[in-house]
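Scroll down for the structure; my scribbles are underneath it.
What follows is calculated from the coordinates using simple rules that are stated; it is not laboratory data. All values derive from a computational prediction rather than experimental measurement. As a convention, Cβ positions derive from the backbone with ideal geometry for all residues, glycine included, and neighbour counts pool all protein chains shown.
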Amino acid sequence: MTENEHRKAARRAKRNNQIIFAVLTCLLLIVVFALCVIKYQHTFSKSKWDASKGDRYKIVNDMLDSYQLIGMSESDVIQLLGEEDSNEQTSFKISKQYFPPDSTLVYYLGVDFVDDNWLILSINGDVVTEYYLDVT
């Protein structure tokens, strides 16, 4: 191989390396962007909770991790989550318990797959004593 051919091969290799690096950098940026979007979509905020009742199931776990609901007063819960979405007794599949409407706050979380998801807060003496995530 002549010296000229070696230079051409070295330039080709350098260009190929630059292309591979650029492609991998773009893929990394796409993955980071996607993770940021997913994190944002699954992060609780009062405005998200109020704006999209049908997508609350995406942010409820972050809310439960961020706020200690058990022990919180009913008025504090209402300030955080708003008025309950259902004050009628509903049959729930997982807990199979009766939740009396006068001592329960029920919030609609949206449809995940085929089931309606609900956050159920049991109130005793104006304090949240238990919470359940359940489906109908």
Once you charge only the Cβ atoms, +1 for Lys and Arg and -1 for Asp and Glu, what is the size of the charge dipole of the chain about its Cα centre, to the nearest 20 debye? 1800
Positive-end extreme of charge dipole, the chain - chosen from 29, 49, 6 (charges on Cβ): 6
Compute the long axis of helix 3-41 from its Cα atoms, compare it with the longest principal axis of the Cα atoms of the chain, and write down the angle in degrees, 0 to 90, nearest 10. 10
Relative contact order %, the stretch 42-135, counting alpha carbon pairs below 8 Å whose residues are six or more apart: 28
Helix-derived [θ] at 222 nm for the chain: sum -39500 (n - 2.57) over DSSP H runs of at least 4, divide by residue count, nearest 500? -14500 deg cm²/dmol
From fewest to most C-beta neighbours within 10 Å, the residues 55, 112 line up as 112, 55
Please compute the net charge surrounding residue 117, taking Lys and Arg as +1 and Asp and Glu as -1 over other residues with Cβ under 14 Å from its Cβ. -2
Which residues qualify? For residue 104, with a placed amide H closer than 5 Å and at least 5 residues away or on another chain, they are 123
For the stretch 77-83, in order, what is each residue's ³J(HN,Hα) by Karplus, 6.51 cos²θ - 1.76 cosθ + 1.60 with θ = phi - 60°, in whole Hz (x at glycine and Pro)? 5, 5, 5, 6, 10, x, 5
How much net charge surrounds residue 48 when only other residues with a Cβ under 14 Å from its Cβ are counted (Lys, Arg +1; Asp, Glu -1)? +2
Residue by residue through the stretch 94-106, what is 3J(HN,Hα) from phi via Karplus (6.51 cos²θ - 1.76 cosθ + 1.60, θ = phi - 60°)? Round to whole Hz and write x for glycine and proline. 7, 6, 6, 10, 8, 10, x, x, 6, 10, 9, 10, 10
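Please check the chain for the longest run free of chymotrypsin sites (Phe, Trp or Tyr not before Pro) that are loop-located per DSSP (anything but H, G, I, E, B) and have at most 11 other Cβ atoms within 10 Å.
Values: sites that count: 98, 113.
In short, 1-97.
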